[in-house]
Amino acid sequence: MPRTALAAVHDGHGDRLAVREIRVADPGPGEVLVRIAASGVCGSDRHVLDGEWSLPTPTVMGHEGAGVVEAAGPGVTDVAPGDTVILSWYYPCRRCRACAAGKAWACTGTRANECLLPDGTTRLSDAGGVVYPYLAVGTMSEYAVVPESAAIRVPADVPMDVASLIGCSITTGVGAVVNNARVPAGAGAVVVGCGGVGLAVVMGLALAGAYPIVAVDTAEEKLAAARSFGATHTVRAGGDVAGEVAEITSGGADYAFEVIGRVGTIESLPSLLTTGGVGVLVGLPPQGVRAGIDVLELAESGKTLIGSNYGGAVPSLDFPRLARLYLAGRLPLDSLISHRVRLDEVNEAFDAMRAGTRTRSVIVF
Ligand code: APR
Ligand code: ZN
């Protein structure tokens, strides 16, 4: 039976979200209806609201969410009503070459980036017609209908607010360390940008046993947060960051992570590395942005730059792993949440992100 849901909707003009009712149809074959319990407020949504990335609209925003399966469509076998699930914002098609190779994050058959279900439609609508779920999940809504490959079952004792963060920032940040860079114990690392994702990179480095772990940010509060998650040194952006990093790391880091998506910090990433070091691009810039690299310096010093999408994760493997590490006290994920807010406080949460005053807001339903 179709239902209505309160949702935070981007109508395509301006950066304000409208919190209003939408209609949610029943899940079709291979789809599940999820009652959302928590949705994090992540930087990628802000890119859309600030006009840096284009999307079909109107769109239910939010891509970092967790909830409980309320109903399963025909043929669903992965999950059942009552299961606690974390939503993956890049559902794999399970048929393409990348999926066959176990690289769900690189799936080429998904329609998640078009905000569409596998059959090219959505289950959301309003009086004006089709409504799109951001990245096929649209977690800033009381209900979502997603492909079953986007609903990953996790133990029910993981708190929903913590679970929601595993859906994006934690997987993106910790995954960049353990899946993409594969940082070994004792390696020196630097993290540029300590928002929700950057702090997850810091946590991942602490888990991996990196040393030193140097955090760089413009905001002193973010540096204090980074220290609490395992950064051994902090550098306030603005001065001679490369010089300070070279001093702390005895000549340059083995690994450097850019977690803002700013051209300037992306271009200066190689300058933070020692010879043979690896720079990891985690932050996402506005569409079409290009960066300049000193190619001779990069080549001669044998440095590598790698892209990191969704932490190189296979959500069905990585989400339960991260949940278990949290439950075992190995990842302090709850400390990342600085503000728990209501859905109708979503615009204030994005404003706080723009001002850099919060580590992470989570909408609790
Ligand atoms: N130097 C260092 N730090 C900076 C600078 C700078 N020039 N400019 C901004 N920052 C810091 C901010 O103070 C903030 O702590 O970068 C951080 C950005 O964090 P958030 O805005 O909270 O964004 P987050 O959700 O962490 O996402 C970061 O990763 O996945 C991508 O799309 C996402 O591009 C976004 C990035
Ligand atoms: Zn995100």
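Descriptive notes on the structure:
- Residues (among the small types (Gly, Ala, Ser), more than 16 Å from ligand 1 (Cβ to nearest atom) and under 25 Å from the mean Cα position of the chain (by Cα)) located in the stretch 48-81: 66, 67
- Residues that are part of a helix (DSSP H, G or I) and either touching a residue at least 60 places away in the same chain (Cβ under 8 Å) or open to solvent by 10 Å² or more (accessible area, probe 1.4 Å) (or both) within the stretch 201-214 comprise 201, 203, 206, 207, 208, listed in sequence order.
- Pairing each residue of the stretch 234-253 that is away from ligand 1 (no atom under 15 Å from the Cβ) with any residue that is part of a helix (DSSP H, G or I) and open to solvent by 30 Å² or more (accessible area, probe 1.4 Å), provided the two are 6+ apart or on different chains, yields C-beta distances under 7 Å for 252/246.
- Of all residues in the stretch 264-302, those satisfying the criterion of being among the acidic types (Asp, Glu) and within 22 Å of residue 187 (Cβ to Cβ) are 297, 300.
- Selection of the stretch 332-354 for residues being surrounded by fewer than 16 Cβ atoms within 10 Å (Cβ to Cβ) and near ligand 1 (Cβ under 9 Å from one of its atoms) yields only 354.
- Number of residues in the stretch 39-53 that are among the acidic types (Asp, Glu) and surrounded by fewer than 22 Cβ atoms within 10 Å (Cβ to Cβ) equals 2.
- Of all residues in the stretch 32-87, those that are aliphatic (A, V, I, L, M), away from ligand 2 (no atom under 16 Å from the Cβ) and under 20 Å from residue 342 (Cβ atoms) total 3.
- The condition of being touching a Ser or Thr at 6+ places or on another chain (Cβ under 7 Å) and either within 21 Å of residue 311 (Cβ to Cβ) or away from ligand 2 (no atom under 14 Å from the Cβ) (or both) holds for only one of 226, 181, that being 226.
- Residue in the stretch 247-267 that is nearest to residue 210 (Cα to Cα), counting only those that are among the β-branched types (Val, Ile, Thr) and within 16 Å of ligand 2 (Cβ to nearest atom): 259
- Any hit, the stretch 154-162, residues being within 16 Å of ligand 2 (Cβ to nearest atom) and touching a Ser or Thr at 6+ places or on another chain (Cβ under 7 Å): no
Condition check ((1) within 13 Å of ligand 1 (Cβ to nearest atom); (2) farther than 19 Å from residue 260 by Cα) across all residues:
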position: 172; (1), (2): yes, no
position: 184; (1), (2): no, yes
position: 191; (1), (2): yes, no
position: 200; (1), (2): yes, no
position: 205; (1), (2): no, no
position: 210; (1), (2): no, yes
position: 213; (1), (2): no, no
position: 218; (1), (2): yes, no
position: 228; (1), (2): no, yes
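- In the set 24, 19, only one residue is away from ligand 2 (no atom under 15 Å from the Cβ) and over 28 Å from residue 287 (Cβ atoms); that residue is 24.
- Pairs where the first residue, in the stretch 188-200, is open to solvent by 10 Å² or more (accessible area, probe 1.4 Å) and the second is in a helix (DSSP H, G or I) and within 12 Å of ligand 2 (Cβ to nearest atom), C-beta under 7 Å, 6+ apart: 195/43; 197/43; 197/169; 197/172; 197/173
- Number of positions in the stretch 14-34 that are surrounded by 18 or more Cβ atoms within 10 Å (Cβ to Cβ) and under 30 Å from residue 200 (Cβ atoms): 5
- The residue of the stretch 356-365 that is surrounded by the fewest Cβ atoms within 10 Å (Cβ to Cβ), among those that are modelled with pLDDT of 90 or more and closer than 22 Å to residue 51 by Cα, is 361.
- Qualifying residue in the stretch 179-189 (condition: under 14 Å from the mean Cα position of the chain (by Cα), among the hydrophobic types (A, V, I, L, M, F, W, C) and within 27 Å of residue 110 (Cβ to Cβ)): no
- Filter pass, residue 11 being surrounded by fewer than 16 Cβ atoms within 10 Å (Cβ to Cβ), more than 21 Å from residue 322 (Cα to Cα) and within 16 Å of ligand 2 (Cβ to nearest atom): no
- The residues on offer are 84, 122, and the sole one that is open to solvent by less than 50 Å² (accessible area, probe 1.4 Å), in contact (Cβ under 8 Å) with a residue 24 or more places away in the chain and of a type in the set (Val, Ile, Thr) is 84.
The values are calculated or read from the model by the stated rules, or taken from the named source; none is laboratory data. Only a predicted model underlies this, so the values are computations on that prediction, with no experimental measurement involved. For neighbour counting, all protein chains shown are included, and Cβ atoms are generated from backbone atoms with ideal geometry for every residue, glycine included. Note: areas computed on protein heavy atoms with side chains; ligands, DNA, RNA excluded. Shrake-Rupley method; radii C 1.70, N 1.55, O 1.52, S 1.80 Å.
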